[in-house]
Amino acid sequence: EESDFYGAAGDISISKKDIEDIRNGALITDIDACRVPTSLDSIKRTLESIGHRGLFILSLSGANFAEDIPELLALLNRTPDVVFGNNLEISRITQRMDLAGDIKTVFPTSRLVAITQGEAGSILRFREQIFSVPLVYVPKEKVIDLTGAGDVFTGTMLASLSESSYRDWSEEEILK
């Protein structure tokens, strides 16, 4: 089924017609965008419109400390279905350095939590199961710039997963 995707950076504006036409939407945003009042209003409207017909995908980019995240999620009146972040962002949220333990408890109702760990690969929690995924090695001479590596990971994973319905995601698809 065709999907409508919306991203929230510093500020978003989605027309009333676009919101009314949403069939199978996904809102992709980050913590920083949720802190901007104009973006927060747009994010709330979009989440209300997609309801249970779509996904709320949250990047932990901009996560500093745990205290404001529950407050932001309460304002949105929805927990994310999918969460992406890195080990530093998780440790800032939990204020611990126990990634294996933290991924079991952070965002407990989210279906998928994917955390990158730099050279250690990534760790995923899907349907209460934890998976360690090794890094795909790229020779140093082929690496041009590491800027945006987390965004590339998120985008690639979401592009691959969007080939099937969210409800049908399997362990094999997540690990792919």
> In the list Ala120, Ala74, Ala100, which residue meets the criterion of being at pLDDT below 80 and more than 19 Å from Gly54 (Cβ to Cβ)?
Replying inline: Ala100
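Quick check, is Ile123 assigned to a strand (DSSP E or B) and in contact (Cβ under 8 Å) with a residue 12 or more places away in the chain? Spell out the reasoning first.
Values: assigned to a strand (DSSP E or B): yes; in contact (Cβ under 8 Å) with a residue 12 or more places away in the chain: yes.
Yes.
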>> Yes or no: the stretch 157-164 includes at least one residue that is part of a loop (DSSP other than H, G, I, E, B), under 15 Å from the mean Cα position of the chain (by Cα), within 30 Å of Gly51 (Cβ to Cβ) and among the acidic types (Asp, Glu).
In response: no
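Take the residues in the stretch 126-156 that are among the acidic types (Asp, Glu) and not in a helix (DSSP H, G or I), then tell me which one is modelled with the highest pLDDT.
Looking only at the stretch 126-156, we keep the residues that are among the acidic types (Asp, Glu), and these are 128, 141, 145, 151.
Now narrow it down to the ones that are not in a helix (DSSP H, G or I): 128, 145.
Numbers: Glu128: 86, Asp145: 76.
Within the stretch 126-156, the match that is modelled with the highest pLDDT is Glu128.
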> Looking at the stretch 67-92, which of its residues are out of contact with any strand residue (DSSP E or B) (no Cβ under 8 Å at 6 or more places or on another chain) and β-branched (Val, Ile, Thr)?
Replying inline: Ile69
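Could you check, for the stretch 54-66, whether at least one of its residues is assigned to a helix (DSSP H, G or I), on the phi < 0 side of the Ramachandran plot and modelled with pLDDT under 85? Break it down stepwise before answering.
Narrowing the stretch 54-66 to residues assigned to a helix (DSSP H, G or I): none.
For the stretch 54-66, residues assigned to a helix (DSSP H, G or I), on the phi < 0 side of the Ramachandran plot and modelled with pLDDT under 85: absent.
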> Can you name every residue in the stretch 34-66 that is closer than 16 Å to Asp102 by Cβ and either surrounded by fewer than 16 Cβ atoms within 10 Å (Cβ to Cβ) or out of contact with any strand residue (DSSP E or B) (no Cβ under 6 Å at 6 or more places or on another chain) (or both)?
Replying inline: Ala63, Asn64, Phe65, Ala66
> Which one is least open to solvent (accessible area, probe 1.4 Å) among residues in the stretch 158-176 that are at pLDDT 85 or above and not aliphatic (A, V, I, L, M)?
Replying inline: Trp169
>> Residue under question is Ser110, and the condition is that it be of a type in the set (Gly, Ala, Ser), open to solvent by less than 30 Å² (accessible area, probe 1.4 Å), modelled with pLDDT of 80 or more and not in a helix (DSSP H, G or I); does it hold?
In response: yes
>> Condition first: over 19 Å from Val83 (Cβ atoms) and either surrounded by 13 or more Cβ atoms within 10 Å (Cβ to Cβ) or hydroxyl-bearing (Ser, Thr, Tyr) (or both). Now tell me which residues in the stretch 141-157 satisfy that.
In response: Thr147
> Do any residues in the stretch 127-150 that are closer than 24 Å to Ile103 by Cα have Cβ atoms under 7 Å from those of residues that are surrounded by fewer than 10 Cβ atoms within 10 Å (Cβ to Cβ), where the two are at least six apart or on different chains, and which pairs are they?
Replying inline: Leu135/Glu119
> In this structure, is Glu89 open to solvent by 100 Å² or more (accessible area, probe 1.4 Å) and either in a helix (DSSP H, G or I) or basic (Lys, Arg) (or both)?
Replying inline: no
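The values are calculated or read from the model by the stated rules, or taken from the named source; none is laboratory data. What you see is a predicted model; the values in this text were computed from it and never measured. When we count neighbours, we look across all protein chains shown, and the Cβ atoms used for this are built from the backbone with ideal geometry, even at glycine. Keep in mind that these areas ignore ligands, DNA and RNA; they rest on the heavy atoms of the full protein, side chains included. Shrake-Rupley method; radii C 1.70, N 1.55, O 1.52, S 1.80 Å.
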